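**Student:** Mind looking over this structure? Questions follow.
The values are calculated or read from the model by the stated rules, or taken from the named source; none is laboratory data. Computed from a predicted structure; not experimentally measured. All Cβ positions, even for glycine, are placed from backbone atoms using ideal geometry, and neighbour counts span all protein chains on display.
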Amino acid sequence: MDTQTKIEITETDITKHSNLKSDRISVFGISIGMPKSELNKLKDQNKNLYFEVEKPMKFAGETMKMEDYRIYVYNTKENKKKENRILKWLFSSEKKSKKDCILYLIWEKNSNLLTSITFFEDFKPYMIGLSSRLLTFDTIDANSQISQEYLGNPDETKVTLDIPSIKSKNVSHFFKSKGISITEVNYKDSKNISMIFKNFNE
């Protein structure tokens, strides 16, 4: 594999390429370091995805300034509305709508190059082989197969969010040589795992 070639996570078990950093892995053709202009081209090619640009929040009637450019990526479902019982075999309208949020793309400080890709649990069905365990609690179990055969021990573990008033706490585990972090997301009574692709050495 040459230095420019990327492997696609929806087609390959990335755990078979243990020395590959996340910037050499693509998801639906999207990868770390991708310019915004290239992503815009990919939008038209990925008809089963819905891209939603995050808008600035409003507080006290004023729009807050955003330093980052962020996009949520959803998978989609087809909503079929039947027009008429008699003519339903002839006419139907299909509207693409967002379903599950599977990815979160960030261009930090409005950089032109994609900085990080967050994978949410609903992305798991798109993963192959042992890779699918990257979005499970196996990733924080040192004795699990994914830890023993792929991740190894984290370089750093730290609390990345802690808001006791709403019972929200995130603990992130950084595997810097792979350009991957695994986050335990705790909110009230729910717990789940997310994964981030990013170059943590910059």
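**Student:** For region 1-19, name all the residues that are surrounded by fewer than 18 Cβ atoms within 10 Å (Cβ to Cβ) and of a type in the set (A, V, I, L, M, F, W, C).
**Tutor:** Residues satisfying the conditions are Met1, Ile7.
**Student:** Please work out if Tyr150 is of a type outside the set (Lys, Arg) and touching a residue at least 24 places away in the same chain (Cβ under 8 Å). Working first, answer last.
**Tutor:** Working: of a type outside the set (Lys, Arg): yes; touching a residue at least 24 places away in the same chain (Cβ under 8 Å): yes.
When the stated conditions are applied, Tyr150 passes them.
**Student:** Now for a different question. Based on this model, can you work out whether Lys98 counts as within 17 Å of the chain's Cα centre (by Cα) and at pLDDT below 95?
**Tutor:** Details: within 17 Å of the chain's Cα centre (by Cα): yes; at pLDDT below 95: yes.
Against the criterion (within 17 Å of the chain's Cα centre (by Cα) and at pLDDT below 95), Lys98 qualifies.
**Student:** Of the residues Leu130, Leu134, which single one is within 23 Å of Lys99 (Cβ to Cβ) and not in a strand (DSSP E or B)? Reasoning before the result, please.
**Tutor:** Numbers: Leu130 fails: within 23 Å of Lys99 (Cβ to Cβ).
Matching residue, one of Leu130, Leu134: Leu134.
**Student:** Scan region 15-26 and tell me whether some residue there is in contact with a Ser or Thr (Cβ under 8 Å, 6 or more places away or on another chain) and assigned to a loop (DSSP other than H, G, I, E, B).
**Tutor:** Taking region 15-26 first, the residues in contact with a Ser or Thr (Cβ under 8 Å, 6 or more places away or on another chain) are 15, 21, 23-25.
Those left that are additionally assigned to a loop (DSSP other than H, G, I, E, B): 21.
Yes, region 15-26 contains at least one residue that is in contact with a Ser or Thr (Cβ under 8 Å, 6 or more places away or on another chain) and assigned to a loop (DSSP other than H, G, I, E, B).
**Student:** Right, another one. Return the pairs, sorted by first residue and then second, in which the second residue is in a helix (DSSP H, G or I) and among the small types (Gly, Ala, Ser), the first residue lies in region 128-141 and is in contact (Cβ under 8 Å) with a residue 12 or more places away in the chain and within 10 Å of Met195 (Cβ to Cβ), the beta carbons are less than 7 Å apart, and the residues are 6+ apart or on different chains.
**Tutor:** As it stands, the answer is Thr139/Ser147, since those pairs meet every condition given.
**Student:** Inside region 145-167, can you point out the residues that are assigned to a strand (DSSP E or B) and charged (D, E, K, R)? Break it down stepwise before answering.
**Tutor:** The initial filter retains those residues of region 145-167 that are assigned to a strand (DSSP E or B), namely 156-163.
Within region 145-167, Glu156, Lys158, Asp162 qualify.
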